[in-house]
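Everything on this sheet refers to the single structure shown next.
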Amino acid sequence: MNRAPDLKHPNRRINIGVQYGGVPRRPPQLVWHTQCNHPDHVQSLLEAGAKVDLLSDTSESALLFSLIEVVNHGDRRSFDLLKQHPHSHETMNMRTDKLKLTILLKAIETGQPDIVETVLGMGAEVDRRGDTDDQTALNLCIKLLGILKKTADEFISECRQIKPDDPVLIESARRSSHGMLGITEREAGRIISKRHNDPLHLLGAVDVSHW
């Protein structure tokens, strides 16, 4: 949905036709257009005075979504626009309600040192824990370095060794599955156990970028 932003009211919240817990989601325009990767609209909204510290109903900031776009597709245009604007300490260290994402951890996942340096300079706290396994920035760096050093066969072999009843695995998979693994931890655990002998299915169920 690439509708033009309301530049006369840059901080307006918009109805996107999605509900969370039975309540319609109404994110700020800047957050929405950043999530949809509309850098031209992001620039227009910033020039019109949109506040970068406004969050979605589940505590996502525009800056966080810009980093997710870098991680997923390598497109940093929105990030490069947003980084020019001061952000509050609270925004820089906010954890999202569901997946417990933080700006610094997502910056690390981009694999781009200049982005990490920029985010730290903007006020992100090094010791702020996040993600469903409550990890630190340093811990995530070590995990990603370990993954990079492994061959594909080694990585799959390691996945086979993951215990299907691991509570961290179950909770991470449940939160990342958008309901496809069930609503409760028990339902998610049962499905993960069935898939345990097929690493490709396991990888599909879990967001391995957080390991």
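Remarks
- Fewest-first sequence of Thr91, Thr58 by Cβ atoms within 10 Å of each Cβ: Thr58, Thr91
- Charge dipole magnitude, Cβ of K and R +1, D and E -1 - region 24-70, Cα centre, debye nearest 20: 160
- For region 19-145, the average shadow cast by the Cα convex hull is 7.5 nm², which is a quarter of the hull's surface.
- Total formal charge among the other residues, if their Cβ is under 10 angstrom from that of Pro39, Lys/Arg +1 and Asp/Glu -1: -2
- Summing Cβ point charges (Lys, Arg +1; Asp, Glu -1) relative to the Cα centre of region 55-106 gives a dipole of roughly 160 debye.
- Length gained on full extension, Arg3 to Asn139: 45.0 nm, using 0.36 nm per residue less the C-alpha separation.
- Extreme residue, positive dipole direction of region 19-145, given options Gly21, Ile68, Ser44 (C-beta unit charges): Gly21
- Which listed pairs, of Lys83/Lys143; Lys83/Lys106; Lys98/Lys149; Lys51/Lys83; Lys106/Lys149; Lys8/Lys106, have C-alpha distances above 23 Å, in listed order: Lys83/Lys143; Lys98/Lys149; Lys8/Lys106
- If R0 is 22 Å, the Cβ-Cβ spacing of Val23 and Gln84 corresponds to a FRET efficiency of close to 0.10.
- Residues Ser56, Ser44, sorted so that the one with the fewest Cβ neighbours within 10 Å comes first: Ser44, Ser56
- Lys, Arg +1 and Asp, Glu -1 on Cβ, resulting dipole of region 19-145 about Cα centre, debye, nearest 20: 220
Just so you know, all these numbers are worked out from the coordinates, no wet-lab data involved. Computed from a prediction, not measured in an experiment: that's the story for all the values here. Quick reminder, even Gly has a Cβ in these numbers, built from the backbone with ideal geometry, and neighbours come from all protein chains shown.
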